[in-house]
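The values are calculated or read from the model by the stated rules, or taken from the named source; none is laboratory data. Owing to the predicted nature of the structure, the values given are computational and were not obtained by experimental measurement. No Cβ is skipped: glycine too gets one built from the backbone with ideal geometry, and neighbour counts run over all protein chains shown. When the accessible area is computed, the model is the full protein with side chains, heavy atoms only, and any ligands, DNA or RNA have been set aside. Shrake-Rupley method; radii C 1.70, N 1.55, O 1.52, S 1.80 Å.
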Amino acid sequence: MSVALGIPVRRRDPGERPDTTGRPETDALVDRFGRTAHDLRISITEKCSLRCTYCMPEEGLPSIPKDELLTPAEIARLVGIAARDLGVREVRFTGGEPLTRGDVVEIVALAHAAAPGIPLAMTTNAIGLDRLAAPLRDAGLTRVNISLDTLDREHFAELTRRDRLPRVLDGIDAAHAAGLARPLKINAVAMRATVDDAPALLAWCLEHDAQLRFIEQMPLDADEAWRREHMVTAAELLAALRTRFELTPVGRDDPSAPAEEWRVDGGPATVGIIASVTRNFCAACDRTRLTAQGTVRSCLFGDDETDLRHLLRSGASDAGIADRWRAAMWGKQAGHGIDAADFARPVRSMGAIGG
Ligand code: SAM
Ligand code: SF4
């Protein structure tokens, strides 16, 4: 066990190799449940310009010591290994808020150079994109997904503990202008305080040609306030949207796509709902994650992490790092188990993992 962000995480000893009994001979990132990871999420910071109640504590997360953060060159090396040796087809930078990291443009530029053919995306709250959208595009970023839960300024300020909605809207404009948001994709967490704002958010997205996806809130808030009986379910959200729109189910084209789509007022526009809790898609999960400190975390809900930073800094070869990453994936758990009687929340909250 080691202490990360002031909290204990079960982290393997750097020398300890995860058990790979039964693993087939393949370069790909496969696990014991027949899944293959193609989608890499990399958290690059624990810092954030907002304090969303479903994610961060009011005071923010404890700072990661600088020497524990992966450097841009280290991130790029891991992106190269993932793309070249492990079959990763898409990389997404996240956090915390990736735009708060001063060297974010360098990170994207080096990752792009290490894996030129791989789409590089970013999930962001858009604060700072007014300044960074064009440099990030020039560095090789392909697109951004923007998180925005409500267009009601007061509700936004309550939910995020910061009165910064205008800055988010400026960021969205800049992403559009830079060509990073074609189409514009908006993610919204379905929360009790904002569920009545959902129809207005959908109307705004339809006007702005944006694809909106709602996400059920998962028990990943640092404050540990999440309760199954209080969360807004996909069914409840659909009912709220249906007060204003006619919705018809389209289903899930790609089985590993987490969102189920609904046609709005006969189409062609759709709205997505990611029912991570009530209809989980763990069986089709194709993700592998790296934390900002360079540990592989195969599942949001699995505290069992494998340290690659130590390998990077102790002269390991690319092949050795790839091998340890494969071993970590082999140990991935079957699913989040939120509904199981013995469900235990992960130690890290969303902002400390990277959503
Ligand atoms: N700061 C960036 C942002 O907000 O887009 C990137 C990091 S954030 C952790 C990534 C995504 O996770 C966001 O879309 C956010 O809404 C979502 N998220 C955070 N906490 C969540 C929770 N408890 N349940 C579901 N989604 C959550
Ligand atoms: Fe920050 Fe994103 Fe977490 Fe909100 S969801 S607190 S913007 S990291």
Compute the long axis of helix 129-139 from its Cα atoms, compare it with the longest principal axis of the Cα atoms of the chain, and write down the angle in degrees, 0 to 90, nearest 10. 40
Counting only protein heavy atoms and rolling a 1.4 Å probe, one gets per residue an accessible area for the chain in Å² of 42
Using Cα pairs under 8 angstrom and six or more residues apart, how large is the relative contact order of the chain, in percent? 23
Counting other Cβ atoms within 10 Å, keep those with at most 13, restrict to DSSP loop, and tell me which GluC sites (Glu not before Pro) in the range 165-232 are left. Glu224, Glu229
Counting only the backbone N, which residues of the range 74-108 are under 14 Å from the spot 7 Å out from the Cα of Asp138 toward its beta-carbon? 105-106
Interchain or sequence-distant (5+) residues whose placed amide H lies within less than 5 Å of the amide H of Gln211 are Leu184, Lys185, Ile186
Exposed chymotrypsin sites (Phe, Trp or Tyr not before Pro) absent - longest run of the chain, DSSP non-H/G/I/E/B, at most 15 other C-beta within 10 Å: 34-342
Computed lengthening from Glu207 to Asp67, 0.36 nm per intervening residue step minus Cα-Cα distance: 45.9 nm
If you take the Cα Rg of the range 183-316 and divide it by 2.2 N^0.38 Å, with N the number of residues, what do you get? 1.26
Where labels lie 7 Å past Cα in the beta-carbon direction, separation of Arg84 and Arg182 in nm: 3.2
Quick one: grab Rg to one decimal and Dmax as a whole number for the range 28-353, Cα atoms only, in Å. 19.0, 59
So which trypsin sites (Lys or Arg not before Pro) in the range 195-279 pass both tests, a DSSP loop state and at most 16 other Cβ atoms within 10 Å of the Cβ? Arg227, Arg228, Arg242, Arg244, Arg252, Arg279
As an exercise, use a Förster radius of 22 Å and the Cβ-Cβ distance of Ala316 and Val347 to find the FRET efficiency, rounded to the nearest 0.05. 0.25
Within the accessible area of the range 28-353, what % is carbon and sulfur when the probe is 1.4 Å and the other protein chains stay in place? 51
Karplus-derived HN-Hα couplings along the range 63-75 (A = 6.51, B = -1.76, C = 1.60, θ = phi - 60°), whole Hz, x at Gly and Pro: 5, 7, x, 3, 6, 8, 6, 4, 7, x, 5, 5, 4
